[in-house]
1. Counting only residues that are hydroxyl-bearing (S, T, Y) and farther than 17 Å from G70 by Cβ, which one in the range 165-197 is nearest to the chain's Cα centre (by Cα)?
2. Restricting attention to the range 58-72, and to residues there that are assigned to a loop (DSSP other than H, G, I, E, B) and not aliphatic (A, V, I, L, M), which single residue is nearest to the chain's Cα centre (by Cα)?
3. Which ones in the range 176-215 are β-branched (V, I, T), in contact (Cβ under 8 Å) with a residue 12 or more places away in the chain and part of a loop (DSSP other than H, G, I, E, B)?
4. Going by the conditions given, is I134 assigned to a strand (DSSP E or B), touching a Lys or Arg at 6+ places or on another chain (Cβ under 9 Å) and either under 27 Å from S213 (Cα atoms) or touching a residue at least 40 places away in the same chain (Cβ under 8 Å) (or both)?
5. Out of the residues in the range 65-88 that are of a type in the set (A, V, I, L, M, F, W, C) and in contact (Cβ under 8 Å) with a residue 60 or more places away in the chain, state the one that is surrounded by the most Cβ atoms within 10 Å (Cβ to Cβ).
6. E95: charged (D, E, K, R), within 22 Å of I195 (Cα to Cα) and in contact (Cβ under 8 Å) with a residue 40 or more places away in the chain, yes or no?
7. Evaluate the range 44-64: report whether one residue or more is over 22 Å from K205 (Cα atoms), touching a Pro at 6+ places or on another chain (Cβ under 6 Å) and crowded, with 17+ Cβ neighbours inside 10 Å.
8. Examine the range 99-112 for a residue that is modelled with pLDDT of 95 or more and more than 19 Å from V54 (Cβ to Cβ), and state whether such a residue exists.
Amino acid sequence: MKFTSLNLLLSLALALNVFAAEKKPMKTPDSSPSPAVSERITFGGGCFWCLEAVFQRLDGVKSVASGYAGGSVPNPTYKQVCAGETGHAEVVQIEFDPQRITFGKLLEVFWAAHDPTTLNRQGRDVGTQYRSAIFYENEAQKAAAEKSKAAAQPEFRDPIVTEIAALKTFYKAEDYHQNYFNLNAGTNPYCSVVIRPKLQKLLQKGLIKSEPSTP
């Protein structure tokens, strides 16, 4: 009897050990936030006050900064750029979330927001600093920009003259140029005569929102 009881106890202990070995620990869900995703693109299309106001009114755009790019003079001033002494264009650098807005959508708005067929000019703003330009940061952006340019051409009577070039350096413009339309819409006539009608046109086309998503 004792021998049988001992066998039963040994068998039970062995079974418990096997069960414990086979039992897998539960995984704790990872509650840490996923890393933020963002890309950048730099556009030139006339006065940077205009483009800044346009791209601020898109969901998925994280920030828009007015500045200078495409020239040869480091740390240029607004006065230098306006005098045509630097080779720089007035541009906006856009940081965006590609999971919320595609690069293709940004290009669609870019073509609609200015006239890419006028060389070194947008309306009454004349000079190389007002040229149409896309300054890409990688080969994927370059290929997408060139493809989008070709696709947009039938929308225009004249040839598109937009420069597509690699971004070398972006120089942020002076503080008083940042968030310009939102801060000066009621005081600077340029905002009401040039920028506001552009925004209204794009709003009617359903390309932008009425209010900025980001400052």
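1. Checking each candidate, the answer is Y180.
2. Selected residue: G60.
3. I208, T214
4. yes
5. Checked the range 65-88; the qualifying residue surrounded by the most Cβ atoms within 10 Å (Cβ to Cβ) is A69.
6. yes
7. No, the conditions are met nowhere in the range 44-64.
8. So far as the range 99-112 goes, yes, one or more of its residues are modelled with pLDDT of 95 or more and more than 19 Å from V54 (Cβ to Cβ).
The values are calculated or read from the model by the stated rules, or taken from the named source; none is laboratory data. Predicted, not measured: the structure shown is a model, and the values here were computed from it. Because the Cβ atoms are built from the backbone with ideal geometry, glycine has one as well, and the counts that use them run over all protein chains shown.
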